[in-house]
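Data block below; observations after.
The values are calculated or read from the model by the stated rules, or taken from the named source; none is laboratory data. Bear in mind that the values here come from a model prediction, so they are computed numbers and not experimental data. Cβ atoms come from the backbone with ideal geometry, glycine included; neighbour counts cover every protein chain shown. Side chains are part of the model used for accessible areas, which takes the heavy atoms of the whole protein and leaves out ligands, DNA and RNA. Shrake-Rupley method; radii C 1.70, N 1.55, O 1.52, S 1.80 Å.
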Amino acid sequence: MGDQPIWEQIRSSLIQHYYQLFDNDRPQLDTMSIDASCLTWEGQQFQGKAAIAGKLSSLLFQKIQHSLMAQDHQPTPDSCIISMVVGQLTADEDPIMRFHQMFLLKNINDAWVCTNAVFRLALHDFG
């Protein structure tokens, strides 16, 4: 880990933390956002901690498990980190579904937060 750039180290731990909270303690996800944060969930847009927490708590499944298949990360010119995650999830007893999620991570007052996130299940046929 010492040979990785600092942004690679940060992204790895932050993304793992996000999905651990999502799978085990979803209400705690609001600790990773700020009032200016934005979430696009399957095409629906939510802005602010309260709106994002409301959307995530309204999801109908009782249990969920994410399995991350691939992650790509880049530093941005303004010292943020953009991350793209591809994975699979299982919600309740539903079949396994693939998903894509993008994050923009920013350091604010020595704490890394998610300012933007976009989530899509990979089951749409746009053709």
Checklist entry - About its Cα centre, how strong a charge dipole does the chain have in debye, to the nearest 20, once Lys and Arg get +1 and Asp and Glu get -1 at the Cβ? => result 160 debye
Checklist entry - Which of these values of mean projected area of the Cα convex hull in nm² was calculated from the structure shown: (i) 19.5; (ii) 21.5; (iii) 8.8? => result (iii)
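Using helices alone, what [θ] at 222 nm do you get for the chain, with -39,500 (n - 2.57) per DSSP H run of 4 or more residues, divided over all residues and rounded to the nearest 500? Could you put the intermediate results ahead of the total?
Working: 2 runs with 29 residues, N = 127.
One gets -7500 deg cm²/dmol as the mean residue ellipticity at 222 nm.
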Item to check | Proximal charge balance of LEU104 [Cβ under 15 Å; K/R count +1, D/E count -1] | outcome: 0
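Just by accessible area at a 1.4 angstrom probe, what is the order of VAL118, VAL85 from largest to smallest?
VAL118, VAL85
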Next on the checklist: I'd like the accessible area for ASP30: 1.4 Å probe, protein heavy atoms, all chains in place, Å² to the nearest 10.
Outcome noted: 60 Å²
Next on the checklist: Nothing charged except the Cβ atoms of Lys and Arg (+1) and of Asp and Glu (-1): what's the magnitude of the dipole of region 1-62 about its Cα centre? Round to the nearest 20 debye.
Outcome noted: 180 debye
